[in-house]
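Single-structure report; data block below.
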Amino acid sequence: MDFLNAIVALSNFVLVPAIAYGSQLALGALGVTLIYGILRFSNFAHGDTMAFGTMVVVLVTWWFQSMGISFGPLPTALLALPLGILGCMALLLVTDRVVYRFYRAQKAKPVILVIVSMGVMFILNGLVRFIIGPDEQRFADGERFIISARDFKEMTGLREGLAIKSTQGITVIVAVIAVALLFWFLNRTRTGKSMRAYSDNEDLALLSGINPERVVMYTWLIVAALATVAGTLYGLDKSFKPFVYFQLLLPIFASAIVGGLGSPLGAIAGGFVIAFSEVTITYAWKKVLGYLMPEGLEPDGLVQLLSTDYKFAVSFVILLIVLLFRPTGLFRGKSV
Amino acid sequence: MKKLLMATAATALMAGSAFAASHSKEVKIGVILGFTGPLESITPDMAAGAELAMTEVNEAGTLLDGMMVTPVRADSTCIDAAAASAAAERLITSDGVKGIMGADCSGVTGAILSNVAVPNGMVMISPSATSPALSHQNNEDNGLFFRTAPSDARQGVVMTEILMEEGVKEVAVSYVNNDYGKGLADSFQAAFEAAGGTVTLSAAHEDQKADYSAEVGALASAGGERLVVAGYVDGGGSGIVRAALDTGAFDTFQFVDGMVSDTLTAKFKGEIDGSMGQVPGTDSPGAANFEKMAGDAFNPTGPFAKESYDAAALIMLAMQAAGSTDPQVYKDKVMDVANAPGEQIFPGELAKAIEILAGGGDIDYVGATAVELIGPGESAGNYRQITYKDGEEVTVKFR
C-alpha cells in the first residue's frame, strides 16, 4: 500500500505535470526548429506568434460560447482551434510577405533575420495587447478533471490523491496527433520531401526544380498550425496572458537547442528533457521516501537535491552540457 | 504710516507672488507605475487614483496661488530596474517633474530611489512598495522617500496574528523571488516562529513562468495546514495556487496584499473557500469618500488605488505647506501635513486643506487610507482581514 502511495504521489506531482508541460514545449520547439531548418534563422517572434494564434482561438471561443455552441465535456476551444490556425496562418503569410521576403531577396545573413524577427516580436506583442488587452483571459470550459485528487482518494482508499486534468489529457493526445501528422507530412508527401530537401541542401534543391517560395509558404503554414495548437493547449492548461507567452520563448528555445536545432525529433525530445529536468531535479523526495522507507528511517529533511529557486539553472546547465559535448544537440541538428 | 507700510508690503508681496505665478503656472508630477509587466492589470486604477487627486486640486485652482498640476505617466515595468531608472531619469530631466508618485514594486522603487531620485534630489512617495529594505533608518534617502503603504514587516506580524487566532500552527510559504516577496516571507517567518508556529518550507517562485509543478511538488512534500502565498495575482502567485489546487496539495491559502483582488476571486471562485488574506485597508470614512468620488471612472477598491490618491495628495499638500515646488524645500513638510496636529483632511477636501495651509494653519491628512507616517516616513498600516466564502471576498474585520 505504501509503495502504491509513493507511486501515486510521484505521478501526481512529477510525472503528470511534466508530461503535459513537456508536450506543450515540444510543440513550441517544433515550430522553432522548422523555421531554423528551412528558413535558417532563430525566430524570436515564435512566442508571440503563439499568443496571436491563441488570441484568435480565445475570441472565436467566446463567440461560440455566446451562441451557445459547446463541445460537451471537451473545451469549446478545440472547436475554435481550426479558425485560430487559419487566422495565425494569415498573419504569418502577411509578415512573410511584408517583412521576411525582402530580407530573403537580399540574401540577408541569419543574424540580421534574427534581429528582424525580434522587431516582428515586438510588433506582434503590441498587436495582441492592443486587441485583447494585457490581462489574463480564461476560456477553458467543459469538464475540468478526468479524475480529481479527492475522487481518486475516495475511489482507491489511498492516502495520496492523483489528479489528471482534462486539459492535461487533451494536451498529450493533441500533441501526439499533431506530431504524427507532421512526420507523415514531412516523410510521405511530395511537399514534405521537398521541404526536407530544401533544408538539407538549398542549392541542390533549387537545381532539382523545387520552388523556394512554395517551400517557405508551406513552412509558415505548418508553423502557424503548430504555434496555435501549442499556444491553445498551454492556455487551456494554465491560462492565456500575452506576457507569459513572451516568457515561454526561453524554455522553448532551450528545448529546440538541446534536441538539436533543425531536427524535429530532437525538438520533441528536448521539450521533455527540459520539462522533466525542471520538475524532477528540484523535487523534494520526503513524501515519496516517507512511504518507501521502513518505519523509523523516514527522512526528516526535505531530501531535495536543489532548491526550486534553481529550476531554471537546471535547464540551462543541461543546455550547457549538451552544447559542450554535442554542439549540434542530442539529435544532430545544425550547429548554432 | 504703519498701516501704509503694511499695505505696501502686502501689495508688493502679492504682486511678487502673482508675478512668480505668471511665470510658472504649471507643475508636473511624475506618475511612475508598472503599466506593463506583472502588475499591469492593477496599475491603471492606481494611476487614476493619483490623477483624481490632481484633478481635484486643479478644479479648486488654489494650489500655490493658481498653480496647475499636470500628471506625467512613465512605465516602471515593475521588474526591470534599468528600464525604470531610465523612465524616472526622463521624468526629471526632460519633463521636469517636481515630485514623483511611485514607483509600485519594491525592487524598481529602490533602484529609482538610489539611482535617480537621491542624486537629483527628487521627492518620491510610493503607494505600494512595501519591502522592509526600503525603511531607511539612517537617512540613506536624504529624507526624500516616503510611502503611503506600510512595510511588510508589519504585514508579517498581522498575518501571524490571524493565523494564530485561527489555530494554524504549521504552514508552507511560497514567495515571489524579489525584494517584496523575500522581505515579506522573511518578516512573516520571523514573526510566526516567534509566536510558536512552524514554517515547513519557505521557497521562492519566479514570476510569470510557464509552469509551477516543481515548486508545488516541493511545497506538497514539506506539507503544512495552509499555504502562504506571498506573490502577485497577475504573476506567479496565481500559478502556484492553481497548481496547488489541481494537484490537491493544499486546500486553503493565506494571501498577502499582492494576491487579494477581484482577479483572484474571478479566477478561483469557490475553489479557495476557507482561505484568508489581509490587505492594507481601513474603515475610516475616507475610503467611502474616495469611492464615491471615483464613481464609475475606475475601480476605487482596486489594490493601492487609495494609497495612490494619498501619495499624490501628500506631494501637493507638502508643496503648499512649504510654499514652494522645490523638492529640497517641501520634502521637510511631508511628515507635517500627514500627521497630527491639525485639522483632519479626507478625500474631496483637498481644496479646504490648501486653504488652511495657505492661511498658515495646520492639517492632519487622513485621506483614503488613514495615513499616519511613522519612523522613516512610511505608513503605520491598517489592515483589512478577509476570508473567502461561496466564491466571494468577505471582510472579517479591520486591524
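Values in this text are rule-based calculations from the coordinates and carry no lab data. Just so it is clear, the model here is predicted, and its values are computed rather than measured. With ideal geometry, Cβ positions are generated from the backbone for all residues, glycine too; neighbour counts draw on all protein chains shown.
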* Asked: Cβ under 13 Å from A:Asn187's Cβ, A:Asn187 left aside: what net charge do those residues give with Lys, Arg +1 and Asp, Glu -1?
  -> +4
* What is the dipole size for the protein assembly as shown, taken about its Cα centre, with +1 at each Lys and Arg Cβ and -1 at each Asp and Glu Cβ, in debye to the nearest 20? -> 3100 debye
* Structure fact -> Around B:Gly375 (Cβ within 15 Å, Cβ-to-Cβ, excluding B:Gly375; K/R +1, D/E -1) the net charge comes to -3
* Neighbourhood charge, 13 Å Cβ-Cβ cut-off, centred on B:Lys389 and excluding it, Lys, Arg +1 and Asp, Glu -1 -> -4
* Asked: Calculated FRET efficiency, A:Ile123 and B:Glu89, Cβ-Cβ r, R0 22 Å, to nearest 0.05?
  -> 0.25
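For A:Leu289 and A:Met67, what does the FRET efficiency come to when R0 = 45 Å and r is the distance between their Cβ atoms, rounded to the nearest 0.05?
For R0 = 45 Å, the calculated efficiency reads 0.30.
For the residues B:Val158, B:Val173, B:Val329, what sequence is obtained by ranking on other C-beta atoms within 10 Å, fewest first?
Ascending Cβ contact count within 10 Å gives the list B:Val329, B:Val158, B:Val173.
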* **Of the DSSP H helices in chain A, those whose Cα atoms cover at least 27 Å axially and whose Kyte score averages -1.0 or more** => A:16-39, A:46-66, A:110-132, A:166-188, A:212-237
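Quick check on the exposure proxy: order A:Thr228, B:Thr325, B:Thr301 from fewest to most C-beta atoms within 10 angstrom. Please report the intermediate quantities before stating the final value.
Working: A:Thr228 30, B:Thr325 24, B:Thr301 15.
Neighbour counts put them in this order, fewest first: B:Thr301, B:Thr325, A:Thr228.
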* To do: Work out the mean other chain Cβ neighbour count within 10 Å for the residues of B:215-226 and drop it here as an integer.
  => 6
* Asked: How much length, in nm to one decimal, is gained on full extension between A:Leu79 and A:Leu181, taken as 0.36 nm per residue of separation minus their Cα-Cα distance?
  -> 34.9 nm
* **Gaussian network model of chain B, Cα within-10 Å springs - most flexible of B:Leu63, B:Leu227, B:Leu163** => B:Leu163
* How many Cβ atoms of partner chains, on average, are near each residue of A:302-308 if near means within 10 Å of its Cβ? -> 5
* Asked: Which residues in the stretch B:197-237 have a backbone N closer than 16 Å to a point placed 7 Å from the Cα of B:Thr252 along the Cα-to-Cβ line?
  -> B:198, B:224-229
* Asked: Roughly how many nanometres apart are two label points built 7 Å out from the Cα toward the Cβ at A:Leu204 and A:Ile131?
  -> 4.0 nm
* Could you tell me what percent of the DSSP beta bridges with both partners in chain B are antiparallel, to the nearest 5? => 25 percent
* Structure fact -> Rounded to the nearest Å, the spacing of the alpha-carbon centers of the stretch B:298-331 and the stretch A:238-269 is 45 Å
* Structure fact -> Ranked from fewest to most other Cβ atoms within 10 Å of their own Cβ, B:Lys333, B:Lys397, B:Lys169, A:Lys241 fall in the order B:Lys397, B:Lys169, B:Lys333, A:Lys241
* Asked: How many nm separate the modelled label positions at B:Lys269 and B:Arg399, each set 7 Å beyond the Cα in the direction of the Cβ?
  -> 3.1 nm
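Given the rule -39500 (n - 2.57) for each run of at least 4 DSSP H residues, summed and divided by the residues of the protein assembly as shown, what is its mean residue ellipticity at 222 nm, to the nearest 500 deg cm²/dmol?
Mean residue ellipticity at 222 nm (helix-derived): -17000 deg cm²/dmol.
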* Structure fact -> Highest GNM mean-square fluctuation among A:Leu226, A:Leu93, A:Leu324, for chain A with Cα springs under 10 Å, belongs to A:Leu324
* Asked: Lone cysteines in the protein assembly as shown, going by a 4.7 Å Cβ-Cβ cut-off?
  -> A:Cys88
* Asked: What is the distance, in nm, between label points placed 7 Å from the Cα along the Cα-to-Cβ direction at B:Asp65 and at A:Thr189?
  -> 7.9 nm
